[in-house]
Amino acid sequence: MALWRIRTVVEDRPGQLAGLVDAMAAQGGNIVGLSIHADAAGVVDEFVVDVPGEHYTLLREVARRSVSDSDSVTAVPAQPREVGDDVTKALLLTARLRSAPNRLPEALGELLQAEDARWTNLTRSAPEFLEEPETTLVVPVGPLRGVRLRRPDQPFTWTETARADALVRSVLPPSGPAPTDGRLVTGRGVDLNVRQVGAADAEAIQRLHRRCSGETTRRRYFSSVRQLTPRMLGVFCDPELGLTLAAYPARGGDPVALAHLMYTLDPGVGEIAFLVEDEWQNKGVGTALTRVLTAVAADWGLAEVRAETVAGNAQMQRIMRRMGATIGPPRDGVVQARLPVAGALPARRMGPLAGLMTESGAAGT
C-alpha cells in the first residue's frame, strides 16, 4: 500500500463526488483525506488515498469520471504526516508561529505542501523565477514583503490562496498603513511630535549628535560620533534603505531623538536602532519609539525586528525585553535582541499614532 495525493477537476453537480469515491473503491483505494477547492477551472477535489500496488489504473478510472481527460488528474506521493484535517493543521501552525513568526515561509510551505518557500521582495520589477504562473504562489505579507511558494507538480488553487492569506493574517493582523508622522505621548507623560526625516533635516540631526555625550553615541554606533558623514546622512534619508523618524519636543525646536528601521538581507527581518539625547533619556522616549517602529514593521510585512547594541547598554536591553524580545548572549562585546512583530503588537486594530502609542506607567530611555 502507498499513499498518494490525487487531485481532479469535477463538475459542480450532485453525484460527482460519489462517483469518484466509487471509482477509487473499485480499485481498492482507501480514502484517508479529502479536501474540496474552488479554482478558475471549477471544483477541484483532492484526495489522500492509500492505494494497493501501482496507482495508474486508479488514476485512469478517476480521469474517466472527471470533467475532461487524464490531464485534469494529478497525483504525487503523500506522506503519513499529511493525513489529517486542514483546519487542525492550520491552527497548529498558527500556534507555532506565535513564538517564531519569522518561520512563516516554512509554515506556509507545510500548509500547502510546497516544494520551496522563501521570503521575497514585492517591489522587484522583474520576476525572480521564470516558471508557469500556476506552479508559484506569492502570498503578500505587507506592501513590501511576501512569501513565494513553488509546487511544480500541483498548481495552487483559489482555496489554497485563501488558506495561505488566512494563516498570514492570523499571525500578522492587518493594521492599515502605520502612520510615521504625528503626536506621541510617552509613558512618562512626555509630549513629542514625530515625523520622517528628510534631506532638509541634515543640520538639525548634526546638532543633535553634537549635543549627545560620547557614551550615548557609542551605544548607538559602537564608537563615539560627533559628526555624521554625508554618506550616513544619506542612508538616514533614503527610503529605499528604510525609515528614519525624528522626535521633536511639542514646544518646537531641534529633534531630541532618532529612530531607525532599516531593511536587512533577510526580507522578513528589519533592524532597529535609536539615539536619544542625554537630557531626554529615562523619559519613555525609547520605549514609545520602539512601539511606533514595530507598528511600521508590521505594515511593511516584517515578521521580526532586531537590535544590536554594546553589551553595557542596559537601557536598550530593558526596552526590548519589555516589548517581548529575547536577548542573546554577548559576542565580542555586542548583544542582539530579537523581537517578533506579532507578539509586540496590540491585539486591537491600529488607531491613530497618538491613540496607539499613548502609554501609562511605561518607562524607557
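Computed values, structure above
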quantity: Criterion (at pLDDT 85 or above, farther than 18 Å from LEU112 by Cβ and part of a loop (DSSP other than H, G, I, E, B)) met by exactly one of GLY187, GLY142, GLY176; calculated: GLY187
quantity: Boolean, ASP238 is surrounded by fewer than 24 Cβ atoms within 10 Å (Cβ to Cβ) and in contact with a Lys or Arg (Cβ under 6 Å, 6 or more places away or on another chain); calculated: no
quantity: Matching option when the condition is over 22 Å from VAL269 (Cα atoms) and open to solvent by 60 Å² or more (accessible area, probe 1.4 Å), among ASP165, ASP181; calculated: ASP181
quantity: Residue tally, condition under 24 Å from LEU184 (Cα atoms) and assigned to a loop (DSSP other than H, G, I, E, B), over the stretch 213-252; calculated: 6
quantity: Number of the exception - LEU345 against (1) at pLDDT below 80; (2) open to solvent by less than 10 Å² (accessible area, probe 1.4 Å); calculated: (2)
quantity: Residues satisfying the stated conditions in the stretch 296-323, i.e. open to solvent by less than 10 Å² (accessible area, probe 1.4 Å) and small (Gly, Ala, Ser); calculated: ALA297, GLY301, ALA303, ALA307
quantity: Sole residue being modelled with pLDDT of 75 or more and touching a Gly at 6+ places or on another chain (Cβ under 8 Å), chosen from VAL51, VAL87, VAL73, VAL83; calculated: VAL51
quantity: Unmet requirement for ARG13, which otherwise passes all of (1) open to solvent by less than 60 Å² (accessible area, probe 1.4 Å); (2) outside any strand (DSSP E or B); calculated: (1)
quantity: Inter-residue pairs, beta-carbon under 6 Å, first farther than 18 Å from ASN193 by Cα and in the stretch 236-249, second assigned to a strand (DSSP E or B) and open to solvent by less than 10 Å² (accessible area, probe 1.4 Å), 6+ apart; calculated: PHE236/THR244; GLY242/LEU261
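The values are calculated or read from the model by the stated rules, or taken from the named source; none is laboratory data. Worth saying up front: this structure is predicted, and the values here are computed from it rather than measured. Glycine also receives a Cβ, built like all others from the backbone with ideal geometry; neighbour counts cover every protein chain displayed. We work out accessible area using only protein heavy atoms, side chains counted, and drop any ligands, DNA or RNA first. Shrake-Rupley method; radii C 1.70, N 1.55, O 1.52, S 1.80 Å.
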